[in-house]
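Q: Would you mind keeping the following structure in view while I ask a few things?
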Amino acid sequence: MSEPRSVRCAIIGSGPAGYTAAVYAARALLEPVLIAGLEPGGQLTITTDVENYPGFAEVIQGPWLMEQMKAQAEHVGAEIMNDIVIEADLSSRPFRLTCDSGAVLLAETLVISTGAQAKWLGIESEKTFQGFGVSACATCDGFFYRGKEVIVVGGGNTAVEEALFLTSFASKVTVVHRRDEFRAERILQNRLFANPKIEVIWNTAIEAVLGTDNPRGVTGVALRNLKTDRLTEVSCDGVFIAIGHAPSSQLFKDQLEMNAGGYLKVKPGTVSTAIPGVFAAGDVTDDVYRQAVTAAGMGCMAALEAVRFLAEEDHKKAHHPITHTEAKKIGVW
């Protein structure tokens, strides 16, 4: 293990929140170090067409957008470490981060932007068509299905909300659910049942996503009735998996407060956690919007809060010289 390295601001995670935090922290001369993590670029690296990120008149590619964010962060002075944080000790400042490579960072401030991952069905054909007709974000991709037929998989609030949202674009929305009733809130269910564009198929699971290779695209799904075991095929142009998201917050278990879904809690209207100097931004704390642009905004907030926090700490040190006892402890007296 290498000698610990002190940094003013460490950022864990390299999605829109992390890179934006890096840009703002670097411009404030904090010399931030961003640890990219297991999936550099986050969820946008598996998103093909992006049409709702501000500033682009034409459709752009998710991986390209993340490359541009990374390049911008490096251009203004952020350091990107292609490493993974395997242990984080937030019990005292500076916060100790141990990486898979053996590198150890001692961070005066910490921005957590580790994101969240959509939960998938786990079938091979689903993976084949991810980004080519299979999506986990209706608000991201619904626009591409104007006048088309789509399938939504799931039975909770997310699935019902996505189905309702998609009716603004699709000609027909079919909800496929493993059980014979939804878990979603009753008011959402009432809206869904009242919508003439929506059909529900109960007690059914997707056996396979069907489609073409050249060009790659979805043409339908194979469904299995879980009571009769009967297989049927339903034509569609897109499949939206809406069985929830899993925030990447395990590293901070028993150190930071989380809600029932594992999302990091922050003080309302801020990105501040219960630990001074530790901030959370993006999908690791946001279980409502989950958009690249909102994640970027939170990354900006986190960096500005880190700047403010460090300025206050520096002011305290400047106006409260250390005592003889403190000096002896650190070996300068």
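The values are calculated or read from the model by the stated rules, or taken from the named source; none is laboratory data. These numbers come from a predicted model, not from an experiment. Reconstructed Cβ throughout: ideal geometry from the backbone, glycine too, with neighbour counts over all protein chains shown. Protein only, heavy atoms only, side chains kept; ligands, DNA and RNA dropped before computing areas. Shrake-Rupley method; radii C 1.70, N 1.55, O 1.52, S 1.80 Å.
Q: Take the residues in the range 185-237 that are open to solvent by 50 Å² or more (accessible area, probe 1.4 Å) and in a helix (DSSP H, G or I); name whichever of them is farthest from Val160 (Cα to Cα).
A: If we take residues in the range 185-237 being open to solvent by 50 Å² or more (accessible area, probe 1.4 Å) and in a helix (DSSP H, G or I), then Ala194 is farthest from Val160 (Cα to Cα).
Q: Something else: For the range 238-268, enumerate the residues that are among the polar types (S, T, N, Q) and either open to solvent by 40 Å² or more (accessible area, probe 1.4 Å) or more than 18 Å from the chain's Cα centre (by Cα) (or both).
A: Residues satisfying the conditions are Gln250, Gln255, Asn259.
Q: Out of all the residues in the range 25-42, is one or more open to solvent by 10 Å² or more (accessible area, probe 1.4 Å), touching a helix residue (DSSP H, G or I) at 6+ places or on another chain (Cβ under 6 Å) and outside any loop (DSSP other than H, G, I, E, B)?
A: Scanning the range 25-42, I find no residue that is open to solvent by 10 Å² or more (accessible area, probe 1.4 Å), touching a helix residue (DSSP H, G or I) at 6+ places or on another chain (Cβ under 6 Å) and outside any loop (DSSP other than H, G, I, E, B), so the answer is no.
Residue by residue, here is whether (1) farther than 30 Å from Leu210 by Cα; (2) surrounded by fewer than 19 Cβ atoms within 10 Å (Cβ to Cβ); (3) within 17 Å of the chain's Cα centre (by Cα); (4) not acidic (Asp, Glu) holds:
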{"position": "Leu90", "(1), (2), (3), (4)": "yes, no, no, yes"}
{"position": "Pro94", "(1), (2), (3), (4)": "yes, yes, no, yes"}
{"position": "Leu97", "(1), (2), (3), (4)": "yes, no, no, yes"}
{"position": "Ser101", "(1), (2), (3), (4)": "yes, yes, no, yes"}
{"position": "Leu110", "(1), (2), (3), (4)": "yes, no, no, yes"}
{"position": "Trp120", "(1), (2), (3), (4)": "no, yes, yes, yes"}
{"position": "Phe132", "(1), (2), (3), (4)": "no, yes, no, yes"}
{"position": "Tyr145", "(1), (2), (3), (4)": "no, no, no, yes"}
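Q: Within the range 216-239, count every residue that is free of Cβ contacts under 8 Å to residues at least 40 places away in the same chain and not β-branched (Val, Ile, Thr).
A: So the count comes out to 9.
Q: Okay, next question. How do the pairs read when you match residues in the range 162-183 that are free of Cβ contacts under 8 Å to residues at least 60 places away in the same chain with residues anywhere that are open to solvent by 90 Å² or more (accessible area, probe 1.4 Å) and in a helix (DSSP H, G or I), using Cβ under 9 Å and keeping only pairs 6 or more apart or on different chains?
A: Here the result reads Leu164/Arg191, each pair linking the range 162-183 to a residue that is open to solvent by 90 Å² or more (accessible area, probe 1.4 Å) and in a helix (DSSP H, G or I).
Q: Could you run through the range 131-159 and say how many residues are at pLDDT 95 or above and aliphatic (A, V, I, L, M)?
A: Total meeting the criteria: 5.
Q: Looking at this structure, is Glu58 open to solvent by 80 Å² or more (accessible area, probe 1.4 Å) and modelled with pLDDT under 95?
A: The answer is yes for Glu58.
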